[in-house]
Structure formats: C-alpha cells, structure tokens
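Chemist: To start, I am sharing the structure in question, which I have written as structure tokens.
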Amino acid sequence: MKQEVQRATSPFVFATDPGFERGLGHSQTRVPQLEQYLSRYLQQEVQVMLSQNYEEILTGLEEGTIDGAKLGPYAFALAQARLGVKPLANPIEIPSTQGELPPPYRSLIFTHTDSGITHLAQLKGKSFGFVGPHSTSGFLVATFLLQQAGIDANVDLQAQFLHSHHLVAQAVLKGEVAGGAMMEAEWIRLAQQERSLPLRRLATSPLLSRGPVVIRSGLPTQVERDLLTALEQLHQSQEDFTELLLFPNQRFAPATHREHTLKTIANLAGVSYATVSRAINGRDRISSTTTARILRLVEEFGYHPNINARSLHKGRSDLIAMLLPTLDYPQINEIISGIQSELLKAQMQLLVCPIGTHPAQDRTTHQKAYLQMLTSGRFDGVILTQWSTLDSSALDSVIRSGNPYVVFEQDILSEGLQAIYNWVRKRGSRKMVLIIGPTAWLEPATLQRFWAQFSDITVHQWTDIEQCGHLIENLQNSLEPPDAFVCSDDQTAWHVKQSLKVRIDQPLLVSCGQTSLSHLIGWPSLTFDGPILGRVVAGRLLRMLNIPLPQYEDHINFRVETGTVSSIDDNYA
C-alpha cells in the first residue's frame with residue numbers, strides 16, 4: 001500500500017537520449033504527449049526531460065533525481081559499472097513495408113569544405129569539437145577513429161566539448177573549430193534541412209549498437225514491469241511523440257542479461273558461425289535478407305565484438321589498393337617497394353591502380369570505376385593520392401564504405417615542403433616565387449594552400465611553354481625581382497631555367513621532385529628515402545586496420561640535394 005502511495009505522489013522522471021535532441025518548437029507538443037502516454041501505463045505522473053548531454057543524465061541517475069533514461073552504449077556501460085543501473089529495453093529494427101531503414105547509427109568525423117582538410121591526419125594540431133566525454137558517437141568512437149589515423153585526441157588536438165551534436169556541426173560551419181564528430185543521423189537531419197551543406201566527411205565508423213532504456217536501482221518491481229510494457233507498445237502508436245525515443249522502423253524489445261556470443265547468435269539465426277562473422281564485418285558473400293536478420297539479433301542482444309578478436313577472425317581479403325593518377329611520381333617504384341615490404345609482414349598484398357593520362361572525362365570515368373571496385377568489399381584498405389581527394393563524391397564513397405584510407409603524400413605536403421622553404425631561407429632568400437607547371441605531380445591547389453602561410457612567397461601557374469617564358473621575363477624585369485624560384489616539379493624547373501636571363505646575382509632554382517633530370521642538370525631538388533616513405537604509409541594504414549606489427553623507428557628524412565651530392569646544411573626534416 002505504501003508503494004502505491006509513493007507511485008501516486010512522486011513523479012517518475014524519464015530522461016531522453018541526447019542523440020534524439022530536437023528543436024524546441026518541435027518538442028513542445030511531443031513532450032506532454034509522451035508524458036501522458038507513459039503516465040497511463042505507470043499510473044502516476046511522469047516528467048520527461050529533454051536531456052542535453054549524458055553527464056546530466058548520469059548525475060541524475062546517481063542522485064536519484066532521474067528514474068529512467070534512454071542511454072547511448074558508452075553512457076550505459078559507465079552507468080552500469082558505476083551506478084548499477086538495470087537495462088530494461090533495447091531498440092531494435094523492424095521490417096518496413098516500404099523497405100525504409102532507420103538512420104544508421106555511426107560516428108562521423110567531418111570538416112568544412114573550405115578548410116583544405118581532406119583526411120584525418122591533417123587535423124593534427126587543429127581545434128576539434130566533440131559532443132561530450134560520455135557520448136558514444138560524438139566522442140568515444142570518434143577518438144578511436146582518430147587514434148587509428150595516428151592522432152591522440154588528448155595530445156594532438158585542441159579539443160572542445162560542445163555538449164550537442166547540433167552545436168558541433170554549427171561550430172564547424174562557422175569556422176570555430178577545424179573539425180568535429182557527431183552521429184550520422186544528425187548529419188542526415190541537418191542535410192535535409194539545408195539546401196546545401198558545406199561539410200566534408202573525413203571518416204565514418206562501422207555501424208554501432210544503440211543503447212538501451214535503463215532504470216535506476218531500487219525502483220518497485222511493478223513500476224519496472226509497467227514501464228517495459230509501455231516501451232514494448234510504443235512503436236504501435238501513430239503519434240509523433242514516439243520519435244523522442246525511437247527512430248522510424250524501430251521497436252523496443254526486453255533487454256536480456258544473458259551474454260550472447262557469435263555462436264549463440266548463429267544458432268538463433270539458423271546460420272553458421274562464419275556467416276555471422278561475415279555479416280558483422282560487412283562482407284558481400286551472403287544475402288541482404290540474411291545479413292539484416294543477423295544484425296537485428298546482434299543489436300537486440302547487445303553483442304559488442306572484441307576489436308582484437310574481430311581483426312583476427314574477420315574474413316579479410318588481405319588486399320590493399322593504391323590509386324594513382326599516373327606512374328610518373330618521383331621515386332614511385334621505391335615508394336611501392338616500401339609499401340609492399342610492410343604489407344608482406346602482415347601477409348597482405350598490394351594492387352596498384354593507375355588511372356592514366358586520359359582526357360578529363362575519361363579520367364573521371366576510370367576513377368569512378370576503380371572506386372566502385374575499391375569500396376565493394378574486395379579490398380581491406382585504400383592508399384590514395386591528393387588528386388583523388390579533390391572529387392568530394394569519390395572521397396565520400398570511400399568514407400561511406402568504411403574502408404580505411406590514407407593519403408600517401410601527406411608527409412611530403414607538410415614536412416617535405418617545409419624542408420624546401422627552410423633550405424631556401426637559410427641561403428638568404430627574401431623574395432621567393434612558386435612556379436606551378438602543367439606537369440606538377442603534387443596537386444596545385446594543395447601546393448598553394450601550403451605556401452600561402454608564408455608572406456615572402458608568391459604563387460604563379462602556367463599552362464604552356466610560351467606562357468612560362470613571358471612569366472619569367474616579367475618577374476625578372478620587375479622592380480623587386482625574386483631571388484629564388486621554387487618549381488612544382490623537375491620539368492617545370494627545366495623550362496624556368498631555360499627562360500632565366502643570365503645575371504650576376506642569379507636567383508636560386510629549386511624543384512619539389514627529384515628525378516633523373518635534376519640529377520643530370522644538377523639543380524637543388526627535394527628528395528627523400530622512397531622505401532621509408534612507403535613503410536610509413538603502409539604502417540599507418542595497417543594501424544587503422546587494427547593489425548599489430550613490430551614497432552619501428554622509420555623517420556622520413558626530407559632534404560634538398562644538388563645532383564647526386566647532398567647540399568651543405570640541407571637537412572630540415
């Protein structure tokens with residue numbers, strides 16, 4: 001009797017998952033509707049909190065001011081370990097007559113399209129927005145994706161907790177942070193609201209299991225049963241307030257306290273252990289219907305595969321693809337040799353895919369065909385060049401596939417170009433000019449972005465030999481002629497050299513890429529150890545695949561050399 005009085009006089013406080021946050025106008029009518037719905041089942045007053053972050057919910061559960069809550073997987077793990085909360089119901093997917101699927105629950109790392117950032121490694125040292133320290137998609141999984149790319153969120157980022165998926169997106173849009181992490185469902189909702197969303201994906205996690213509804217310890221058993229009944233019936237309601245707890249085509253199922261293994265799930269699904277493993281790891285050798293049935297069971301029973309075991313047991317192709325615009329890259333044979341030597345340690349093979357020097361339309365078609373093959377599940381990872389990242393739709397297809405990727409020039413575009421700048425400055429140059437020719441092997445826009453940080457260098461680009469001659473003549477005849485020409489590649493350096501007038505104070509001529517031409521003529525040119533660069537790139541990708549390898553101390557030593565003899569004091573790695 002005392003228990004019934006308590007139920008009648010004390011409101012039951014229920015907190016929503018911050019991932020389901022909606023605009024205030026959207027929720028003003030739906031919150032009272034959800035409160036009335038739950039009150040009918042619990043036979044007592046219910047107060048629904050639109051929670052802004054998990055910290056608020058965990059504190060309320062600990063202090064007893066919150067009785068039940070919808071949590072994310074990470075917040076649930078914390079609440080269960082620290083507070084002894086009880087899982088009551090799990091959201092699971094239900095079939096749709098229209099074939100519609102709920103928004104995928106994944107972690108997404110992104111940046112502004114104008115930031116110049118095209119891959120995760122470029123976020124190092126930048127400002128970054130997280131949702132909150134207890135957010136699964138907005139922090140925990142995102143930090144794991146960053147760690148795979150060699151970024152420690154605690155050391156390598158200027159991290160900010162913004163306490164809302166929406167606020168993270170707004171901070172990136174306004175340029176307040178260079179990148180951010182949020183759940184993909186919020187990205188989709190934002191994209192539907194905006195005609196144009198100037199954001200670029202950098203990484204997407206595998207699908208995540210959604211967290212359960214939990215109740216604090218000490219609640220009456222009848223309250224627990226009534227709340228479970230209300231949740232199990234929730235999806236049958238046609239009212240909009242269900243969206244505060246469920247995505248479309250979902251329902252709640254009772255949470256189980258039994259720990260299910262892959263073998264148990266295989267028995268329940270009526271398939272083999274190997275089939276379950278392939279479904280979880282996104283392999284394409286089983287039907288979509290079987291995959292959907294298995295993933296529903298995996299989500300319903302809250303199975304969380306061990307990352308190390310997953311990397312050992314998943315059906316990998318053991319094949320890495322490398323997509324190149326051409327095979328004319330400086331030291332490309334040595335770079336590929338270094339990549340292969342590292343992959344062989346992991347018993348993996350490399351397939352090089354050159355697009356070729358076709359007309360622009362054909363190149364686009366060939367790249368699209370290659371990317372479709374690369375993202376079809378036949379490869380475990382992809383090595384790209386900066387040229388491939390220029391096509392945002394192509395890069396997005398790689399990211400959406402879940403295949404890890406690395407851009408192999410990223411070290412050249414930072415440390416390598418810095419070595420050239422330091423070398424020229426050390427020789428007394430005060431007015432440099434960057435000349436970008438049509439044979440540049442590093443992508444021109446990326447080159448310009450790097451050199452734009454220096455006030456003592458201007459950038460010029462030409463498309464034909466006659467234009468190059470006029471440009472060099474005009475520069476040398478100007479009131480303040482340059483004392484150094486930095487060229488995008490050796491062929492461009494050759495044309496610049498041919499156009500230079502012979503003077504007493506002859507300007508320095510430096511090239512960004514060392515080929516046989518620079519060795520023959522003898523002008524200073526950027527060089528590096530190709531095999532070491534290849535090993536570093538391959539090692540970076542293998543870490544993203546969770547494949548452990550012996551630690552190595554490879555360091556790419558970028559330097560400027562003249563001919564075959566290294567210039568004096570030219571080491572600036």
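Chemist: Can you name the condition, by its number, that SER135 falls short on among (1) at pLDDT below 85; (2) farther than 15 Å from ARG106 by Cα?
Modeler: (2)
Chemist: Any residue in the stretch 219-240 that is within 17 Å of ARG251 (Cα to Cα) sitting within a Cβ distance under 6 Å of a residue that is modelled with pLDDT of 90 or more and part of a helix (DSSP H, G or I)? List the pairs, counting only those 6 or more apart or interchain.
Modeler: That search, which allows pairs on different chains as well, returns ASP226/TYR41; ASP226/LEU42; THR229/TYR41; ALA230/LEU38; ALA230/TYR41; GLU239/GLN33.
Chemist: Being open to solvent by less than 10 Å² (accessible area, probe 1.4 Å) and either part of a helix (DSSP H, G or I) or under 20 Å from LEU197 (Cα atoms) (or both) is the requirement here; does LEU146 meet it?
Modeler: Answer is yes for this residue.
Chemist: Can you tell me which residue within the stretch 54-91, out of those that are of a type in the set (Val, Ile, Thr) and surrounded by fewer than 22 Cβ atoms within 10 Å (Cβ to Cβ), is nearest to SER107 (Cα to Cα)?
Modeler: Once the filter is applied, the top-ranked residue is THR59.
Chemist: Further question on the same structure: Is it true that ALA440 is closer than 30 Å to PHE379 by Cα and small (Gly, Ala, Ser)?
Modeler: Details: closer than 30 Å to PHE379 by Cα: yes; small (Gly, Ala, Ser): yes.
So ALA440 fits the description; yes.
Chemist: While we're looking at this one, here's another question. If you scan the stretch 39-63, which residues turn out to be assigned to a helix (DSSP H, G or I) and more than 39 Å from the chain's Cα centre (by Cα)?
Modeler: Residues satisfying the conditions are SER39, ARG40, TYR41, LEU42.
Chemist: Then there is this: If ALA153 meets every condition in (1) open to solvent by 60 Å² or more (accessible area, probe 1.4 Å); (2) under 30 Å from ARG540 (Cβ atoms); (3) part of a loop (DSSP other than H, G, I, E, B) apart from one, which number is that one?
Modeler: (1)
Chemist: Also, I was wondering about something else. Given the conditions (1) closer than 30 Å to PRO91 by Cβ; (2) within 11 Å of the chain's Cα centre (by Cα); (3) open to solvent by 10 Å² or more (accessible area, probe 1.4 Å), report the number of the one that LEU202 does not fulfil.
Modeler: Failing condition for LEU202: (3).
Chemist: Looking at SER135, SER127, SER107, which one is polar (S, T, N, Q) and open to solvent by 10 Å² or more (accessible area, probe 1.4 Å)?
Modeler: SER127 is the lone residue from the list that is polar (S, T, N, Q) and open to solvent by 10 Å² or more (accessible area, probe 1.4 Å).
Chemist: Would you check which residues across the stretch 166-187 are closer than 16 Å to TYR54 by Cβ and either among the hydrophobic types (A, V, I, L, M, F, W, C) or under 16 Å from the mean Cα position of the chain (by Cα) (or both) and list them?
Modeler: LEU167, VAL168, ALA181, MET182, MET183, GLU186
Chemist: Shifting gears a bit: For the stretch 479-573, list the helices (runs of 4 or more DSSP H) that sit wholly inside it and hold at least 2 residues that are at pLDDT below 85; which are they?
Modeler: Those helices (runs of 4 or more DSSP H) span 516-521, 530-544.
Chemist: Just a yes or no: is a residue in the stretch 110-126 part of a helix (DSSP H, G or I) and farther than 17 Å from PRO404 by Cα?
Modeler: No, because not a single residue in the stretch 110-126 is part of a helix (DSSP H, G or I) and farther than 17 Å from PRO404 by Cα.
Chemist: Additional query: Evaluate the following for ILE465: is it open to solvent by 50 Å² or more (accessible area, probe 1.4 Å), within 30 Å of ASN333 (Cβ to Cβ) and modelled with pLDDT under 85? Give the derivation first.
Modeler: Values: open to solvent by 50 Å² or more (accessible area, probe 1.4 Å): yes; within 30 Å of ASN333 (Cβ to Cβ): yes; modelled with pLDDT under 85: yes.
Yes: the conditions hold for ILE465.
Chemist: Give the residue, chosen from VAL352, VAL382, that is under 23 Å from THR113 (Cβ atoms), modelled with pLDDT of 75 or more and in a strand (DSSP E or B).
Modeler: Within the list VAL352, VAL382, the selection yields VAL382.
Chemist: So, one more: From (1) of a type in the set (A, V, I, L, M); (2) without any contact (Cβ under 8 Å) to a residue 40 or more places away in the chain; (3) assigned to a helix (DSSP H, G or I), pick out the condition that doesn't hold for ALA171.
Modeler: (2)
Chemist: Could I ask something else about it? Given (1) closer than 30 Å to ILE457 by Cα; (2) crowded, with 16+ Cβ neighbours inside 10 Å; (3) at pLDDT below 80, where does ILE399 come up short, assuming only one miss?
Modeler: The failed condition is (1).
Chemist: Could you tell me whether any residue of the stretch 190-199 is part of a helix (DSSP H, G or I), open to solvent by less than 60 Å² (accessible area, probe 1.4 Å) and at negative phi?
Modeler: yes
Chemist: Of all residues in the stretch 34-53, count the ones that are of a type in the set (D, E, K, R) and open to solvent by 70 Å² or more (accessible area, probe 1.4 Å).
Modeler: 2
Chemist: Do we have any residue at all in the stretch 493-500 that's in contact with a His (Cβ under 9 Å, 6 or more places away or on another chain) and more than 28 Å from GLU342 (Cβ to Cβ)? Can you show your working first?
Modeler: So the first thing to find is which residues in the stretch 493-500 are in contact with a His (Cβ under 9 Å, 6 or more places away or on another chain), and the list is 499.
Remaining after also requiring more than 28 Å from GLU342 (Cβ to Cβ): 499.
Within the stretch 493-500, one or more residues are in contact with a His (Cβ under 9 Å, 6 or more places away or on another chain) and more than 28 Å from GLU342 (Cβ to Cβ).
Chemist: Also: Identify the single condition in (1) more than 23 Å from the chain's Cα centre (by Cα); (2) modelled with pLDDT under 85; (3) not in a loop (DSSP other than H, G, I, E, B) that GLN367 does not satisfy, given that it satisfies every other one.
Modeler: Unmet for GLN367, out of (1) more than 23 Å from the chain's Cα centre (by Cα); (2) modelled with pLDDT under 85; (3) not in a loop (DSSP other than H, G, I, E, B): (1).
Chemist: Can you spot a residue in the stretch 428-444 that is surrounded by fewer than 19 Cβ atoms within 10 Å (Cβ to Cβ), part of a loop (DSSP other than H, G, I, E, B) and charged (D, E, K, R)?
Modeler: Yes, there is a match, as at least one residue in the stretch 428-444 is surrounded by fewer than 19 Cβ atoms within 10 Å (Cβ to Cβ), part of a loop (DSSP other than H, G, I, E, B) and charged (D, E, K, R).
Chemist: Condition check: crowded, with 19+ Cβ neighbours inside 10 Å and over 34 Å from the mean Cα position of the chain (by Cα). Does VAL486 satisfy that?
Modeler: No, not satisfied.
Chemist: Going by the conditions given, is LEU228 at pLDDT 80 or above, surrounded by 15 or more Cβ atoms within 10 Å (Cβ to Cβ), within 32 Å of the chain's Cα centre (by Cα) and closer than 25 Å to ARG30 by Cβ? Spell out how you get there, then give the answer.
Modeler: Numbers: at pLDDT 80 or above: yes; surrounded by 15 or more Cβ atoms within 10 Å (Cβ to Cβ): yes; within 32 Å of the chain's Cα centre (by Cα): no; closer than 25 Å to ARG30 by Cβ: yes.
So LEU228 fails the test.
The values are calculated or read from the model by the stated rules, or taken from the named source; none is laboratory data. Note that the structure is a prediction, hence the values are computed from the model and not measured. Every residue, glycine among them, receives a Cβ derived from its backbone with ideal geometry; neighbour counts consider all protein chains shown. With ligands, DNA and RNA removed, areas are computed over all heavy atoms of the protein, side chains included. Shrake-Rupley method; radii C 1.70, N 1.55, O 1.52, S 1.80 Å.
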